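First comes the structure, then the notes that go with it.
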Amino acid sequence: MLCNIKNNVYMEDMKRAVINPGFFIGILGLTVMLMRTVWYFKDMPGRIPVMEICSYPMALSGFTVFSAAFPAWGYANQFYKEEKTGYIRFILSRMSWKKYMCMRITSVCISGGLVIAVPLAILFMFAYLTGSGEVGDLFQGMQVRETIIHLGIPAVLLMKTGLGALFGIFWALIGLFSSLLIRNKYAPFIIPFILNQFFWIVFANDPKLNPVFLVRGEDLDSYGLSAVLLLVYCILAASMTFFVMRRRMRE
């Protein structure tokens, strides 16, 4: 019976992570931001290479500036809400604090990853249906060009969507981490934005240390290396979050 209660709490939390106003606002806002730079391509079907259409929003939409703030819209401030309202005591009466931490980190990761991955998937689908199947000259002389030719455009677009999910997970975890350090409901949105600007300025010439360069894959000329580095950053962010949350739970 107790096991069923725990499972119900866990499943309800997963549902709330992807069915809440902030989650849909984040997806809608980012989708509009990305699509507004490529929408006119619908009037030129088959004339522009797919990969070229996909590259435009990353450079022209403001994605590099604001993207870090979107994942937090999903669920990153949920811990703050539960602690503020006292609802966390209700949850902890039905599961251990360790399971609660795992649940909260997992739900934040799922929500944040989808907030970035879904708009990118919409963009890539639009590009695939609108653009031409030619690789074009955009990545001439780069290893990623050979990857696109060898694996095919659909597979590469799927990998780029995965990079977007990892990017969203990282910044969602940073948002959660921020809410643990600074007990303010706006911290999960403001801190990732500020850190993103810091990375952009300080690591402008070192893409391996700047997550916004890794989300494209082409900046490092390797989709695989970009994914590995983003995964490492996600693990580091999750570890820091787990450590700080454990201290907060024991207070």
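Please give the charge dipole size of the stretch 118-226, origin at the Cα centre, charges +1 on K and R Cβ atoms and -1 on D and E Cβ atoms. Round to the nearest 20 debye. Show your work: numbers first, answer last.
Working: 6 positive and 7 negative charges, 117 e Å.
It comes to approximately 560 debye.
If each DSSP helix of 4+ residues adds -39,500 (n - 2.57) and the sum is divided by the residues in the chain, what number results at 222 nm, nearest 500 deg cm²/dmol? Don't skip to the end; give the middle numbers.
Details: 13 runs with 185 residues, N = 251.
The helix-only estimate for the chain comes to -24000 deg cm²/dmol at 222 nm.
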Q | Inter-site label distance for MET249 and TRP97 at 7 Å from Cα along Cβ, in nm | A | 0.8
Q: Pop out the carbon and sulfur fraction of the accessible area of the chain as a percent, whole number, probe 1.4 Å.
A: 67
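Can I get the semi-axes of the stretch 1-139's equivalent ellipsoid? Compute them from the C-alpha gyration tensor as square roots of 5 times the eigenvalues, in angstrom, largest first. Working shown, then result.
Details: eigenvalues 323, 41, 24 Å².
Largest first, the stretch 1-139 gives 40, 14, 11 Å.
Greater than 27 Å separation of Cα atoms is the criterion. Which listed pairs, LYS15/LYS208; LYS15/LYS42; LYS99/LYS185; LYS15/LYS81, meet it? Before the final figure, lay out the partial values.
On the way: LYS15/LYS208 34 Å; LYS15/LYS42 35 Å; LYS99/LYS185 23 Å; LYS15/LYS81 17 Å.
Check vs 27 Å cut-off fails for LYS15/LYS208; LYS15/LYS42.
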Q.
Two decimals, Cα atoms only, Kirkwood Rh: what is Rg/Rh over the stretch 71-202?
A. 1.13
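Please give the direction-averaged projected area of the C-alpha convex hull for the stretch 49-99, in square nanometres with one decimal.
On the way: hull surface 23.6 nm².
Taking the Cα atoms of the stretch 49-99, their convex hull projects to 5.9 nm² on average.
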Q) What is the magnitude of the charge dipole of the stretch 1-121 about its Cα centre, with +1 placed on the Cβ of each Lys and Arg, -1 on the Cβ of each Asp and Glu, and no other charges, expressed in debye to the nearest 20? A) 440
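Over the stretch 88-155, what number does the Rg to Rh ratio reach, with both radii from the alpha-carbon atoms and Rh per Kirkwood?
Working: Rg = 20.7 Å, Rh = 15.7 Å.
Across the stretch 88-155, the Cα-based Rg/Rh ratio is 1.31.
What's the ranking of 183-193, 156-166, 239-249 by average number of surrounding C-beta atoms within 10 Å, highest first?
On the way: 183-193: 18.6, 156-166: 21.3, 239-249: 15.5.
Going by the mean number of other Cβ atoms within 10 Å, highest first, we get 156-166, 183-193, 239-249.
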Q | ILE235 accessible area, assembled protein chains, probe 1.4 Å, Å² | A | 100
Q.
For a protection proxy built on the mean count of beta-carbon atoms within 10 angstrom, sort 136-142, 219-225 highest first, please.
A. 219-225, 136-142
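Within the P(r) computed for the chain, what percentage of the Cα pairs occupies the region above 24 Å? Numbers along the way, then the final one.
Working: 15138 of 31375 pairs.
Cα-Cα pairs in the chain separated by more than 24 Å: 48 percent.
Dipole of the chain, Cα-centred, from +1 at each Lys and Arg C-beta and -1 at each Asp and Glu C-beta, to the nearest 20 debye? Working shown, then result.
Working: 23 positive and 14 negative charges, 304 e Å.
So the dipole magnitude of the chain works out to roughly 1460 debye.
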Q.
As I understand it, the value is the acute angle between the Cα axis of helix 50-60 and the longest principal axis of the Cα atoms of the chain; what does it come to in degrees, rounded to 10?
A. 60
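So what is Rg over Rh here for the stretch 128-234, counting just Cα atoms and using Kirkwood for Rh?
On the way: Rg = 16.2 Å, Rh = 15.2 Å.
Rg divided by Rh gives 1.06.
The values are calculated or read from the model by the stated rules, or taken from the named source; none is laboratory data. What you see is a predicted model, and the numbers here were worked out from it, not measured in a lab. In this analysis, Cβ positions are derived from the backbone assuming ideal geometry, glycine residues included, and neighbour counts consider all displayed protein chains. To get the accessible areas, we keep the full protein, side chains included, count just its heavy atoms, and leave off ligands, DNA and RNA. Shrake-Rupley method; radii C 1.70, N 1.55, O 1.52, S 1.80 Å.
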